[in-house]
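Participant: Sharing a structure, written as structure tokens. Questions coming.
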Amino acid sequence: MEQTEQQYVTIKEFATLANVTTQAVYKRLNQTDSSLNKFVKYNGKMKLISKDALELFADAPVNQQGEGDGIYEDISLQAQTTLFSSYFDATLKVLSEQISSKDQQIKQLMDCNTDQHLKMQQQLEMKDKQLQEQLSAKDRQIADLQKLLDQQQQLHRAEQEQFRLIAADTTKEEKKGFFKRLFHKKDVETSEA
């Protein structure tokens, strides 16, 4: 019983022993009139095939171009691989070019942004300088106005002092007696004549 169990292998192991692909083995198994089906047995869900079935694959060596299913499937697989490889190479080339283009666009935008930033910074510096000059001019104007205001206040005080002195003199004259004023007028009149 152990010998019969050792005679059965999985489809993958059978394909390796027969020097064909697993797809070729399954293709032959799925044919309705396949003589290979009598060598198949099931172990649960696993499909096993007897090593005795290797004789059926002996007439179609893989290295020769004949009716062997494995040859065509290998060629087809190689063609598909080549096709996919060339497709992916072309796609990678296109994507690389797009990335390169995007990198250039980003660089141009960064350069433009840098230029605009520098221009704005220069404009701000010029505005700042103009504002500083305007503030300095306003400070000088305020200082000049303060001097003028001080001079005006001094003149106003001097005028008030003069008015006060004149008013004090007038009040002194009014306080002089009646006779003094009377005689004083006569002295003034005689000195004028």
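Participant: Enumerate the pairs (first residue in region 23-43 and in contact (Cβ under 8 Å) with a residue 12 or more places away in the chain and within 17 Å of V9 (Cα to Cα); second residue anywhere and surrounded by fewer than 16 Cβ atoms within 10 Å (Cβ to Cβ) and of a type in the set (S, T, Y)) with beta-carbon separation below 8 Å, excluding pairs fewer than 6 apart on the same chain, so at least 6 apart or on different chains.
Facilitator: R28/S34
Participant: Working only within region 24-60, note down all residues that are surrounded by fewer than 16 Cβ atoms within 10 Å (Cβ to Cβ) and touching a Gly at 6+ places or on another chain (Cβ under 9 Å).
Facilitator: Answer for region 24-60, where residues must be surrounded by fewer than 16 Cβ atoms within 10 Å (Cβ to Cβ) and touching a Gly at 6+ places or on another chain (Cβ under 9 Å): just D59.
Participant: Is there any pair linking a residue in region 65-90 that is closer than 21 Å to K27 by Cβ and not assigned by TED's automatic domain parsing to the domain that holds N19 to one that is modelled with pLDDT of 80 or more and not in a helix (DSSP H, G or I), with Cβ under 6 Å and at least six apart or on different chains, and which?
Facilitator: Pairs found: G70/V20; G70/T21; E73/T21.
The values are calculated or read from the model by the stated rules, or taken from the named source; none is laboratory data. From a predicted model like this one, the values you see are computed outputs, not experimental measurements. Positions of Cβ are generated from backbone atoms using ideal geometry, with glycine treated the same way; all protein chains shown enter the neighbour counts.
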